[in-house]
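The structure appears below as structure tokens.
Read-outs: derived from the displayed coordinates by stated rules, not from any lab. Since this is a predicted model, take the numbers as computed values, not measurements. Using ideal geometry, Cβ is built from the backbone for each residue, glycine included, and neighbour counts are taken over all protein chains shown.
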Amino acid sequence: MSSATALTWFARHEIRLARREWLAMMTGGRRKRTRAVVGLLIFAAFMHLPAYAVIGRFANLRAPLDKSSLIVMTATIFLAWALMLSQAIESVTRVFYARADLDLIMSSPARLENVFSIRIVAIALSVIAMALLFSTPFVDVLVIGGGIRWLAGFGVVVAIGLSAAAMAIAVTIVLFRLIGPSRTRLVAQILAAVIGAGFVIALQIAAILSYGTLSRFAVLTSDAAARFAPDADSIVWWPARAVLGDGEALLLLLAGGLMLLGAVMAIFAGKFADTAVRASASARPNHQGSRRKAFRSGSRQQALRRKEFVLLRRDPWLVSQTLMQLLYLVPPAVMLWRSFSDSSMAIVLITPVIVMASGQLAGGLAWLTISGEDAADLVATAPLKPSRVIRAKIEVVLIAIAAIFAPLVAALLFASPLQAVVTAAGVIIAAASATAIQLWFRVQARRSQFRRRQTSSRLATFAEAFCSIGWAATAALALAIPIAALVSGLMTTGIVAATWKLSPRRD
Amino acid sequence: MNPQESALQVQGLTKRFDRLAVDALDLTVRSGEFYALVGPNGAGKTTTLRMVAGLLRPDAGSVAVFGIDALSDSVAAKQVMAWVSDEPMIYDKLTPLEYLEFVAGLWGIDPATSEPTAHHLLASLGLEPHLHERCEGFSKGMRQKVALAGALVHDPRLIILDEPLTGLDAVSARHVKGLLGDRVRSGCTVIMTTHILEVAERMADRIGVIAAGRLVAEGTLTELRQQNGHNDTSLEDLFIALVDVEAAAA
């Protein structure tokens, strides 16, 4: 087999692996893939509605734009890039640590630089494919409303996808060099979470500090932002101009993205192999546990709870996934802090954010404790009734939620006692609903499968999300329009009841 | 303790998945006995033992562990049992010592008893240098040894092991066999499935041969030879002869 043929073969192999990973993620590994794909297409079609609601009114935008519009558009593209970068860092880390074929590849007579160049391209393509999938409803809405010039949006997605993948590879390999393989895994995951959420949160905090609102657009559309923004012909506006159909800007962006990826391949493809070797060699991390001497006494449930707390604390996937959710609590916390000196009504906005976050976090924690049991046989053969095991695990979730949200609610108590009570009730109900859903849809899985938890049951995922949103809305309405809160609460209770009815474990 | 007391009594045990996995199986293991259950792949060994350990609910039949009905009073039966599977059931993010503390806590063992036992077990399995390292970096053999120590830390009267020697190197296998031998000598009952017939031949007091979900032969090695009319053949030859007969009958 010639070198070129071998590379083509390897590229096909990579595409096949990526396709299957993607399908497995979408279908949760079930065999009825056609149904899953059809479901996905229906979902994509449905997504056109919210896309229309969000950007439908911008379809008639044409160049030249005023500075405020340019800033908003550029910030939105930057946000998309940050999210792609976050996803790409996660992909690169997974390739280093989770792919089981590194030994095979590196023991083969293929030239590793070439092989890993293809793997880099494959990462870039998977990031771009995912971004195209999510951006399609938005671009469609713009094309339908404003003409085919908006198709350039797809080109911008490709260009920023290329640069995000290139940046992710460079960042991850540099991290390997600086802090070593075992720490890179955790740091890269945290970095991915922070990058994904950081930009939006930074804008929100700026908005709170400057304008007392959670709206990030307050900063972007402000006169101050326009004053500090560069001139209209600046390179900063190329992405926005490209989206608006400026062919030259689009070509330059695509060329820039390709060059960046090419440079990363040239510089890092060789190091990629080396890095992969070091990652696999560090498959025996030497984490030291606590050197505490004495075993602790307590009930069997206490033993279970202690174990769950230790595992939650040491779970890197959970740390990164949870960090993103917790980061979203930073703006409300800043707002709360600010409200002590300013009796703005905007503080009411904190309640739904906190309630929503508690529901989402409880869902993740509940999956990890209830479904993600690595020693399921051990726990099942222990002299303990299953109901007690489940109770201990639920207690862990609720204690963790209480520990995280109690300080916020306590601070709220000083600003507005009624709001604190409503928020506390919302947190408890949202967390209990998410935990119950995870309980009804529990499966036996390993904790490392956490990132695929959404695929084990689409129904549970959607129910959990809708319940969190529903309870968040109910809590907000309880403070503003109590009668509407009753309706919203009843609707959300209906969702919980319907989920229970449809769940496989109603016992 | 009466050596003839039944540690395990299984009657009419039946389990069906897509096909019949265990077919009205009767099995009695005496207290203080090392019992090896051998059979070809898919014969129903693991399914049988998982039902005994309370991991699977049988479709029919009864399971008694030291006279305790394991189906109606599973908690009491589990208190005196330990289960070790071929895939070690440990937590990557815990150290061996933390894992043993957790297992002892689950079985409600007083820390004053369980802590020295844990240290002793881990030391005897050669894990002393790794007491405070998380298990995530351990080899298959080390993980299996941690799981075994976990099974022994609550001092069970009946230990059920499903292929415990799979993937272990010679030294680790020697450690495990030594530990199990010691337990049997101190009065504990061990039931073990294995594909390594030499282990069954050398360690087991009695051997049960299972095929197609049924016990097709049982006894000491000498009894098995006599039952099949081969007086100086190896267990491997006997096993193949028995399984072949069963396959032909099926």
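Values as computed for the structure displayed
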| quantity | calculated |
| --- | --- |
| Region A:461-507: trypsin sites (Lys or Arg not before Pro) in DSSP loop, at most 11 other beta carbons within 10 Å | A:R505, A:R506 |
| Amide proton proximity set for B:R30, modelled H, under 5 Å, gap of 5+ | B:A7 |
| Neighbour net charge for A:L244 - beta-carbon separation under 9 angstrom, K R +1, D E -1 | +2 |
| Evaluated over region B:103-151, the Cα radius of gyration and Dmax, each in Å | 10.9, 30 |
| Intensity falloff of the protein assembly as shown expressed as log10 I(q)/I(0), Debye formula with alpha-carbon point scatterers, at q = 0.12 Å⁻¹ | -1.44 |
| Rg ratio (alpha-carbon, reference 2.2 N^0.38 Å) - region B:60-201 | 1.03 |
| B:E218 long-range amide H proximity, modeled H, under 5 Å | B:V209 |
| Cα gyration tensor shape for region B:1-47, rounded if a/c is under 1.5, else prolate or oblate | oblate |
| CD proxy at 222 nm, helix term only [per DSSP H run n ≥ 4: -39500 (n - 2.57); per residue of the protein assembly as shown; nearest 500] | -21500 deg cm²/dmol |
| For region A:478-485, 3J(HN,Hα) per residue [Karplus equation, 6.51 cos²θ - 1.76 cosθ + 1.60, θ = phi - 60°, Hz, x = Gly/Pro] | 4, 7, 9, 10, x, 5, 5, 4 |
| Kirkwood estimate for region A:300-502, i.e. one over the average of 1/r between Cα atoms, Å | 17.5 |
| Folded to 0 to 90 degrees: helix B:235-249 orientation relative to chain B principal axis, Cα | 50 |
| Local electrostatic count, A:A170, Cβ distance below 12 Å [Lys/Arg +1, Asp/Glu -1] | +2 |
| Length-normalised contact order of chain B in % [C-alpha pairs under 8 Å, at least 6 apart] | 26 |
| Extension gain, A:H48 back to A:I179 (0.36 nm per residue minus Cα-Cα distance, nm) | 42.8 nm |
| Share antiparallel - DSSP beta bridges, the protein assembly as shown, percent rounded to 5 | 55 |
| In order through region A:411-422: 3J(HN,Hα) via Karplus (6.51 cos²θ - 1.76 cosθ + 1.60), integer Hz, x for Gly, Pro | 5, 5, 4, 6, 7, 7, x, 4, 5, 4, 5, 4 |
| Among A:A232, A:Y52, B:S74 the positive-end extreme of the charge dipole of the protein assembly as shown (Cβ point charges) | A:A232 |
| Region B:105-250 - share of DSSP beta bridges that are antiparallel (%, nearest 5) | 50 |
| For region A:398-404, 3J(HN,Hα) per residue [Karplus equation, 6.51 cos²θ - 1.76 cosθ + 1.60, θ = phi - 60°, Hz, x = Gly/Pro] | 5, 5, 4, 4, 4, 5, 6 |
| Globularity index of chain B, i.e. its alpha-carbon radius of gyration over 2.2 N^0.38 Å | 1.01 |
| Local electrostatic count, B:L56, Cβ distance below 12 Å [Lys/Arg +1, Asp/Glu -1] | +2 |
